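Q: Please read through the structure below; I'll follow up with questions.
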Amino acid sequence: MVAKNRQLKSASFKIDERKKILTVDDHPIMRQGLIQLIENEPDLMICSEAQSAEEVVSKVIEFEPDLVLADITLPGRNGIELIKDLQAMKPDLPVLVLSMHDESMYAERVLRAGGRGYIMKQEGGKKLIEAIRQVLDGQISVSKKMAAKILEIFSGSETKGVQSPVDRLTNREIEVFQFLGQGLSTRQIAQQLHLSVKTVEVHRAHIKEKLGIESAPKLMRYAVCWLESQNAAGSRWRITH
């Protein structure tokens, strides 16, 4: 489908003048929407699409994209692990993360992994296109709120002693923890992350150990409170700015 789109577009635009984007998302409808949005831009094009991190490496080699647009929640290896893989493979290839998750939970992790930007799906098409062009221009693309926070973190002005215990969780564990805060069961989380129930149970056990929590009910309450605090912080910023 993407190849056909490229052939049709070549009649009106020179392909070598358009920046090539590889989009990575496990939802076909989302990928189709991104293809339609990006292909309407005169300076951008979709060179290929993937539904998992495992598909990306071969497609990067084959299509040589100028930018990878990736979700966080993917089957198998998540988006942050994908960024690390691409950094090792092709350090100059920029990755922009497009996610449903609040940036306060993942933007810093994305940048530390080597990503060049983070935008939430609810921001809309116009802001996404702006973020894509910003990253292609060699800049970092995050919201003003996250830019200020990340500047503090990377400049060393943030006090390490006040970091949340949640910061000790791995990228996959933070995904599981967030879904727990949303009230999802182990089976539902497994479906969301394309993992086995047993694997999610292992992640839950590791989370409990790292956070020093003994029981499942206490873990659930902690996750709910943490998620509410993250959302409240974001809401306060949006109201006052």
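Q: Exactly one of (1) touching a Lys or Arg at 6+ places or on another chain (Cβ under 9 Å); (2) assigned to a loop (DSSP other than H, G, I, E, B); (3) surrounded by fewer than 21 Cβ atoms within 10 Å (Cβ to Cβ) is unmet by residue 85. Its number?
A: That leaves (2) as the condition not met.
Q: So which residues in the range 46-65 are in contact with a helix residue (DSSP H, G or I) (Cβ under 6 Å, 6 or more places away or on another chain) and not in a helix (DSSP H, G or I), if there are any at all?
A: Matches in the range 46-65: 46, 47, 48, 49, 50.
Q: Another question, then. Mind checking whether some residue in the range 148-158 is basic (Lys, Arg), assigned by TED's automatic domain parsing to the domain that holds residue 51 and modelled with pLDDT under 75? Talk me through it step by step, then tell me what you get.
A: First, the residues of the range 148-158 that are basic (Lys, Arg): 149.
Adding the requirement that they be assigned by TED's automatic domain parsing to the domain that holds residue 51 leaves 149.
Now drop any that are not modelled with pLDDT under 75, which leaves 149.
So far as the range 148-158 goes, yes, one or more of its residues are basic (Lys, Arg), assigned by TED's automatic domain parsing to the domain that holds residue 51 and modelled with pLDDT under 75.
Q: What about residue 36, is it at pLDDT 90 or above, within 26 Å of residue 177 (Cα to Cα) and surrounded by fewer than 22 Cβ atoms within 10 Å (Cβ to Cβ)? Step through it out loud before you land on a result.
A: Working: at pLDDT 90 or above: yes; within 26 Å of residue 177 (Cα to Cα): no; surrounded by fewer than 22 Cβ atoms within 10 Å (Cβ to Cβ): yes.
It is false that residue 36 is at pLDDT 90 or above, within 26 Å of residue 177 (Cα to Cα) and surrounded by fewer than 22 Cβ atoms within 10 Å (Cβ to Cβ).
Q: Related question: On the given criteria, is residue 142 within 21 Å of residue 86 (Cβ to Cβ) and either modelled with pLDDT of 90 or more or surrounded by fewer than 18 Cβ atoms within 10 Å (Cβ to Cβ) (or both)? Walk me through how you get there before you give the answer.
A: Values: within 21 Å of residue 86 (Cβ to Cβ): yes; either modelled with pLDDT of 90 or more or surrounded by fewer than 18 Cβ atoms within 10 Å (Cβ to Cβ) (or both): no.
Answer is no for this residue.
Q: Is there a residue being β-branched (Val, Ile, Thr) and within 20 Å of the chain's Cα centre (by Cα) anywhere in the range 176-190?
A: The initial filter retains those residues of the range 176-190 that are β-branched (Val, Ile, Thr), namely 176, 186, 189.
Then keep just the ones that are within 20 Å of the chain's Cα centre (by Cα); that gives 176, 189.
So far as the range 176-190 goes, yes, one or more of its residues are β-branched (Val, Ile, Thr) and within 20 Å of the chain's Cα centre (by Cα).
Q: Separate question: I'd like the residue in the range 98-109 that is of a type in the set (A, V, I, L, M, F, W, C) and either in a loop (DSSP other than H, G, I, E, B) or under 15 Å from residue 65 (Cβ atoms) (or both) and, out of all such residues, is modelled with the lowest pLDDT.
A: The selected residue is 100.
Q: Shifting gears a bit: What single numbered condition from (1) closer than 20 Å to residue 132 by Cβ; (2) surrounded by fewer than 21 Cβ atoms within 10 Å (Cβ to Cβ); (3) modelled with pLDDT of 90 or more; (4) of a type in the set (S, T, N, Q) fails to hold for residue 23?
A: (2)
Q: Which residue out of 80, 29, 35, 61 is touching a residue at least 60 places away in the same chain (Cβ under 8 Å) and not aromatic (Phe, Trp, Tyr)?
A: Numbers: 29 fails: touching a residue at least 60 places away in the same chain (Cβ under 8 Å); 35 fails: touching a residue at least 60 places away in the same chain (Cβ under 8 Å); 61 fails: touching a residue at least 60 places away in the same chain (Cβ under 8 Å).
Just a single option satisfies the conditions, and that option is 80.
Q: Given the criteria more than 18 Å from residue 172 (Cβ to Cβ), in contact (Cβ under 8 Å) with a residue 60 or more places away in the chain, assigned by TED's automatic domain parsing to the domain that holds residue 140 and surrounded by 18 or more Cβ atoms within 10 Å (Cβ to Cβ), does residue 67 qualify? Quick ask: steps written out before the conclusion?
A: On the way: more than 18 Å from residue 172 (Cβ to Cβ): yes; in contact (Cβ under 8 Å) with a residue 60 or more places away in the chain: yes; assigned by TED's automatic domain parsing to the domain that holds residue 140: yes; surrounded by 18 or more Cβ atoms within 10 Å (Cβ to Cβ): yes.
So residue 67 fits the description; yes.
The values are calculated or read from the model by the stated rules, or taken from the named source; none is laboratory data. Predicted model only: the values in this text are computed from it and were never measured. Every residue, glycine as well, gets a Cβ built from its backbone with ideal geometry; the counts of neighbours run over all protein chains shown.
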